[in-house]
Amino acid sequence: MPNHGVYVSEQATSAGTPIAAKVSIPFVIGAAPVQNAESPATVSEPMLCTSFEEAVEKLGYSDDWTKYNLCEFMYSHFKLYGCQPVIFLNLLDPATMKSTVAAADKAVSDHKVKLPIEAINDASLVVKVAGGTGTAYVKDTVYDTYYDGEYLVIELLSDGGHYTETSISVAYNAVTPASVDNSAVATGLENIEKCLTSVGIVPDLICAPGHSDNSGVAAVMATKAAGINGMFKAKALIDISTAASGGADQYSEVTALKASNNFTDEDEIVCWPMLKLGARAFHYSTQLAGLMAQVDTGNGGTPNESPSNKGLQCDSLVVAAGTEVKLTLAQANILNAAGIVTALNFMGGFVAWGNYTACYPASTDVKDYIIPVSRMFDWVGNTLIITFWSKLDLPMNRRLIDSIMDTANIWLNGLVGGEYLLGARAEFREDENSLTNLMAGQIKIHIYITPPSPAQEIDFVLEYDASYVTTALQG
């Protein structure tokens with residue numbers, strides 16, 4: 001039947017909208033006190049958290065960061081830098097990483113006994129009359145238990161019949177955070193491959209504060225950073241140890257330790273020393289992740305700006321023993337020249353100082369050794385993978401190729417217009433797409449990009465111009 005009238009139909013836009021890869025998403029691995037968490041996260045499974053409160057609910061919290069490094073990171077990233085999200089991977093398993101604490105009498109104060117936070121609040125907790133004889137007290141009838149700060153509290157109930165006891169016998173199991181050692185972290189890093197399927201995000205920063213100063217752990221971090229799921233790029237944030245034994249507690253020792261630990265990978269960003277704010281000491285990598293996220297957020301989620309010369313959340317630099325480090329500009333520049341990011345209190349407070357990845361000075365390829373340039377290459381590559389994944393296995397015809405080219409060039413032109421790139425283009429080159437490759441369904445698109453380098457040296461030339469004397473005095 002013929003149609004009589006005016007009609008409109010719509011056709012899908014040939015040039016799509018790119019799906020920009022998330023940027024400054026840290027993957028942080030280590031130990032958390034999940035024994036005191038309200039809704040404990042599954043051990044060795046990536047856990048996405050968007051706030052400090054959510055992280056505490058799923059991972060627990062302790063101020064003892066030497067045992068629980070994930071707590072250091074959640075405090076820094078959420079509270080000090082106000083950034084989110086973070087992907088945490090807790091390796092501490094209360095079911096297997098525990099020890100038995102034999103029954104012993106504990107003094108009761110204000111009707112309470114405080115056990116260390118490592119105590120596990122489960123059936124292994126047995127409370128009896130002092131001396132450990134007789135029948136165990138019934139929980140919720142004679143006593144109650146709850147975590148409060150750094151303690152598991154046993155509180156005698158007023159109607160439980162033992163409210164006035166001055167001493168009770170307590171036996172329990174306690175988690176052993178030391179079980180999450182460098183070997184466990186190196187093995188656990190394999191779980192970064194689960195991120196896309198588990199939480200729907202691929203991280204682009206890999207952190208293991210307290211463990212990354214180990215050469216074996218750092219090597220695995222760098223390997224993962226080179227290709228998560230075999231394709232996505234990231235940066236491994238590495239700390240150089242500041243310990244007096246086996247570390248570098250003097251700036252003059254740092255360069256040699258970097259070399260001996262083989263911290264020379266283009267996907268590593270190496271940091272020294274530690275940062276201190278009030279009474280709290282932070283691994284530099286922890287705060288650098290927050291600073292990078294903060295800077296990237298200020299640039300519309302684009303990693304084109306260096307974190308160098310941006311404010312850190314610290315009031316001093318320290319080494320592991322607590323000794324303060326005071327770097328001059330010349331000393332900080334010596335570390336920078338060795339491919340080490342440090343901190344400087346020179347004008348207006350402490351700032352990050354350094355633009356080079358760990359491969360400098362061995363590498364002179366700007367896309368590898370300058371942090372924001374290298375990160376832009378990673379981010380552009382990750383975005384192209386995510387955007388065009390849906391095009392895989394479609395019929396390979398001219399319309400498909402043109403659609404990919406148009407989408408890529410429109411996006412790249414937008415980055416140039418926003419001054420995130422100095423220039424960029426996508427080309428489908430005949431010399432890179434042979435007949436046999438095209439027959440096999442293989443397309444190669446050449447992406448040219450030029451991210452801006454940081455202006456890390458500005459020189460002024462001063463000259464006395466005698467002509468101004470004539471102008472000013474003889475005119």
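Under the rule a/c < 1.5 gives rounded, and otherwise a/b versus b/c splits prolate from oblate, where does the chain land using the Cα gyration tensor?
oblate
Between the DSSP loop rule and a limit of at most 10 other Cβ atoms within 10 Å, which trypsin sites (Lys or Arg not before Pro) in region 404-475 are left? Write out the running numbers ahead of the final one.
Details: sites: Arg425, Arg429, Lys444; in loops: Arg429, Lys444.
Those that pass, being in a loop and sparsely packed, are Arg429.
Give the percent of DSSP beta bridges with both residues in region 98-175 that are antiparallel, rounded to the nearest 5.
95
Using only Cα atoms, find the angle between the long axis of helix 215-225 and the longest principal axis of the chain, and express it within 0 to 90 degrees, rounded to the nearest 10.
With both axes taken from Cα atoms, the answer is about 50 degrees.
For a quick check: with amide H placed at 1.01 Å from N, whose amide H comes under 5 Å from Lys310's, ignoring anything fewer than 5 positions away on the same chain?
Those lying under 5 Å, H to H, from Lys310 are Ala352.
Tell me the relative contact order for the chain as a rounded percent, counting alpha carbon contacts under 8 Å between residues six or more apart.
Contact order relative to length: 14 percent.
Roughly what % antiparallel, to the nearest 5, for the DSSP beta bridges in the chain?
Bridges in the chain that DSSP calls antiparallel: roughly 75 percent.
Just to compare against my own numbers: the Cα pair-distance distribution for region 283-347, 5 Å bins, whole % per bin, please.
In whole percents, the pair-distance histogram is 3, 15, 22, 26, 20, 9, 4, 1.
Just want the ordering: Trp272, Trp379, from fewest to most Cβ atoms lying within 10 Å of their own Cβ.
Placing the least packed residue first, the sequence is Trp379, Trp272.
Every read-out reported here was derived from the displayed coordinates using simple, explicitly stated rules and does not represent laboratory data. Everything quoted here is computed from the prediction, not taken from an experiment. Glycine also receives a Cβ, built like all others from the backbone with ideal geometry; neighbour counts cover every protein chain displayed.
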